[in-house]
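The structure appears below as structure tokens.
The values are calculated or read from the model by the stated rules, or taken from the named source; none is laboratory data. Keep in mind it's a predicted model, so treat the numbers as computed, not measured. When we count neighbours, we look across all protein chains shown, and the Cβ atoms used for this are built from the backbone with ideal geometry, even at glycine. Surface accessibility is based on the protein's heavy atoms, side chains included, excluding ligands, DNA and RNA. Shrake-Rupley method; radii C 1.70, N 1.55, O 1.52, S 1.80 Å.
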Amino acid sequence: MIPTARINAFCRDHGIAIAANPCVSPDFCLDWPGLARRLRAEAQPSATLTLARYAHARIAVAGASLDLVSDEMGDHAWVARGHDGKAPLGLLADGVDLGGGHAGFPATWANLLRIKNLVQEADPGSTVFPTAAGTLARTSIGVGARFTTLHWPAVEWAMAHLGISLTANQNSIPRELVFDVEAMLDHRLMSVPFPFIGAAVPEGHQGQSVEGMSHGAVLSKLKTGFHLRRIPWGFNADHQPVGGVFDAREDRLVDGCLLATYITFDLSPELSVTKVPADPAAWVAGAVPAEVIATVRRRVGEAGIALDDTAFATLLCQVWPAVRKMQVRDGKYAAARAAAFTTAAGRAYFRELSIDELPGLTTPATLATMLALCEALGMPVQFVAPAFGFQKNFPFADQAELERRVAAAWAVCTAFGVSIGFHSGSGKSAENYALCGRITGGNLEIKTSGRYTYEMGCALATSADPRDRAFFAEWWAFTRDLAAASAFSADQTERTMARQFIQHALDRASVAGDAFASPAVLAGVLAKLSPDPDHMFWFEYNFLWVLAAGGKADKQALGDHGPAGYRQRARFYAISDAGRLGYLKRVAEYLCFLCETTGIVPAARVAAARQRLGRYRTGSELMADIAP
């Protein structure tokens, strides 16, 4: 169990309140003594009630019911009422007697895990927590976000009114989420290279912890009443790195992802350090069990793939070390769930094999061999992510070529009963999505993430509130200044990519001439542009502003996990009600678009949801329409 005393003290000491900066700590209560005093005071007869209470959030467990309350700072507590009239002080940890048969408990990570067992023991079909259930085994939209949790109500609304299960919480760990708050406080986070800015940024660049994100996602469903619809929803621990430098960190990765119901195994760290020996056949004969070799060859052949002995041995040399480490990691995920959870529903999880980050396109032979290996080692996957040549937020221009690639992969996946995960799925055309849905028969997941940052930019840029528009202009200027500096970098990759991003924006604005004659010339040209979320440099660099200390376009300020970085992050949670409504509606509309074009939701149902979406005039109206 991750200790939380230090991170909670850090948040308190630096004014990082949950209401304005959620999910930094695994806990959703930073000051339990203060909240407990208020609970006791409000339990008295005729007391004035000032704490927020959530009408939809009551959940039933054996012998008691639990209600959720919170204060103005965002600290949350559980109030339990014993069915026998006695305060159930032993139900959770750190309880206080509130009188009248009620007990109060802090909303800690430890208590949340206990509640999961209590809820699923009482009701195995409960959808309070993410589950590996229903259609999520074969079909989903993966909804990630690279900066805040503000999109969650829109995702809940979309699932409710489209009547579909989605992977409602998806993030790359440890790249995007802080995988270990203790490592963060000790300045032990690794850095992630971003070639297009010519710098490395500390991992966990969203600023929120994986446990905090897991905790917040559950509370969001309770507050809106989405769980009452009993639609399963998923949590994907995306791009879980296997092998390489991550061997020493894998136990914390496993612990942090305890609530994940869908693990994406990213083998690229181990594959990148694996060397093919001079005699592949001899190495395979000595390293890979004969029964595994025979099973894999048979299954690859059944998938219609012909491999000569040399090619097969070389491929096994390349992937066997990584797949064996995947097997070890998978065993740790299963063991952690068996130790923490008491029900089959609580322990279940899906697997996805990610091979899309390897160089080049994924061949049918590689795909079949990897799937056969997973089967042979007792860890069949539900999804696999081949590399199709997708570029984030850009349509795939050649429909005929896309059809050829997807059809070839689907022929292999059909033989193994596996769905396709389309990574870098944001921003494709309606025709692209329709093709993917048609070929796979809807047995797919479209993974999206950066799109939701884009939708925030659009919502702010068009908001009726001038403060939102000014906020976006500042955000846009940050990305412009980063791009302008990188356009004259000594690093060729950084310079080339920055110039491509800038030129795309200039072409969009019909600006002619050599903008890159000098830094001064470029600054003058860019100064004439108006802030626009469709400028490519804004789309590519925007996520870096979330934890940029002081909001500065300075590489040293990026990914700041100190007070200055979190003050910057809090600014996103201070946008206007108009900005929030615009954002929620844009996210919900994009999910409608994805579900309709892929064919996983009937067009008539999507049309009805869109009509309903258009009626809301406030964010509270939209959120009030999530519960049944």
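Only a single item in (1) at pLDDT 95 or above; (2) under 19 Å from Asp97 (Cα atoms) is not met by Ser46, and it is number (1).
Does Arg249 count as open to solvent by 20 Å² or more (accessible area, probe 1.4 Å) and on the phi > 0 side of the Ramachandran plot?
Working: open to solvent by 20 Å² or more (accessible area, probe 1.4 Å): yes; on the phi > 0 side of the Ramachandran plot: no.
Spelling it out, it is not the case that Arg249 is open to solvent by 20 Å² or more (accessible area, probe 1.4 Å) and on the phi > 0 side of the Ramachandran plot.
Residue count for the range 457-467 satisfying the condition of being open to solvent by 20 Å² or more (accessible area, probe 1.4 Å) and assigned to a helix (DSSP H, G or I): 3. A search for C-beta distances below 9 Å between a residue of the range 277-292 that is surrounded by 14 or more Cβ atoms within 10 Å (Cβ to Cβ) and any residue that is among the acidic types (Asp, Glu) and modelled with pLDDT of 95 or more, counting only pairs 6+ apart in sequence or on different chains, returns nothing. When Gln120 is tested against the conditions (1) touching a strand residue (DSSP E or B) at 6+ places or on another chain (Cβ under 8 Å); (2) open to solvent by less than 20 Å² (accessible area, probe 1.4 Å), the lone failure is (1). What number of residues in the range 597-619 are in a helix (DSSP H, G or I), more than 17 Å from Ile141 (Cβ to Cβ) and touching a helix residue (DSSP H, G or I) at 6+ places or on another chain (Cβ under 8 Å)? So the answer is 3.
On inspection, Phe488 does not qualify as among the aromatic types (Phe, Trp, Tyr) and under 19 Å from His151 (Cβ atoms).
Restricting attention to the range 514-532, which residues are outside any helix (DSSP H, G or I), over 22 Å from Phe472 (Cβ atoms) and open to solvent by 50 Å² or more (accessible area, probe 1.4 Å)? So that I can check it myself, show each step before the final result.
From the range 514-532, those outside any helix (DSSP H, G or I) are 514-518, 528-532; that's our starting set.
From what is left, the residues that are over 22 Å from Phe472 (Cβ atoms) are 514-518.
Of everything in the range 514-532, those that are outside any helix (DSSP H, G or I), over 22 Å from Phe472 (Cβ atoms) and open to solvent by 50 Å² or more (accessible area, probe 1.4 Å) turn out to be Asp514, Ala517.
Being under 24 Å from Asp13 (Cα atoms) and open to solvent by less than 10 Å² (accessible area, probe 1.4 Å) is the filter here, so list the residues in the range 64-74 that pass it. Correct list: Val69, Ser70, Gly74. When you check Ser191 against the structure, is it open to solvent by 30 Å² or more (accessible area, probe 1.4 Å), of a type in the set (Ser, Thr, Tyr) and more than 14 Å from the chain's Cα centre (by Cα), yes or no? Yes. If only residues of the range 495-513 that are assigned to a loop (DSSP other than H, G, I, E, B) and without any contact (Cβ under 8 Å) to a residue 12 or more places away in the chain are counted, the one that is farthest from Met536 (Cα to Cα) is Ala512. Does Ala344 count as touching a residue at least 24 places away in the same chain (Cβ under 8 Å), surrounded by fewer than 21 Cβ atoms within 10 Å (Cβ to Cβ) and either within 22 Å of Ile420 (Cβ to Cβ) or not β-branched (Val, Ile, Thr) (or both)? Spelling it out, Ala344 is indeed touching a residue at least 24 places away in the same chain (Cβ under 8 Å), surrounded by fewer than 21 Cβ atoms within 10 Å (Cβ to Cβ) and either within 22 Å of Ile420 (Cβ to Cβ) or not β-branched (Val, Ile, Thr) (or both).
Kindly indicate the residue of the range 1-23 that is open to solvent by less than 30 Å² (accessible area, probe 1.4 Å) and closer than 18 Å to Tyr573 by Cβ and also nearest to the chain's Cα centre (by Cα) among those meeting that condition. Checked the range 1-23; the qualifying residue nearest to the chain's Cα centre (by Cα) is Cys23.
Right, Thr167: open to solvent by less than 20 Å² (accessible area, probe 1.4 Å) and within 27 Å of Gln568 (Cβ to Cβ) or not?
Values: open to solvent by less than 20 Å² (accessible area, probe 1.4 Å): yes; within 27 Å of Gln568 (Cβ to Cβ): no.
Considered against the rule, which asks whether it is open to solvent by less than 20 Å² (accessible area, probe 1.4 Å) and within 27 Å of Gln568 (Cβ to Cβ), Thr167 comes out as no.
The condition of being polar (S, T, N, Q) and either modelled with pLDDT under 95 or more than 26 Å from Met1 (Cα to Cα) (or both) holds for only one of Thr139, Thr108, that being Thr139. Looking across the range 24-49, the residues that are surrounded by fewer than 14 Cβ atoms within 10 Å (Cβ to Cβ) and touching a helix residue (DSSP H, G or I) at 6+ places or on another chain (Cβ under 7 Å) come down to Ala47, Leu49. Whether any residue in the range 108-116 is closer than 30 Å to Trp545 by Cα and more than 21 Å from the chain's Cα centre (by Cα) is what I want to check. Taking every residue of the range 108-116 in turn, at least one turns out to be closer than 30 Å to Trp545 by Cα and more than 21 Å from the chain's Cα centre (by Cα). The helices (runs of 4 or more DSSP H) found entirely in the range 218-299 that carry 2 or more residues being under 24 Å from Gln170 (Cβ atoms) and either under 20 Å from the mean Cα position of the chain (by Cα) or not aliphatic (A, V, I, L, M) (or both) are 250-256, 268-271.
Being at pLDDT 95 or above, over 30 Å from Met73 (Cα atoms), of a type in the set (Ser, Thr, Tyr) and open to solvent by 10 Å² or more (accessible area, probe 1.4 Å): is that true of Thr597 here? Judged against the criteria, Thr597 is a match.
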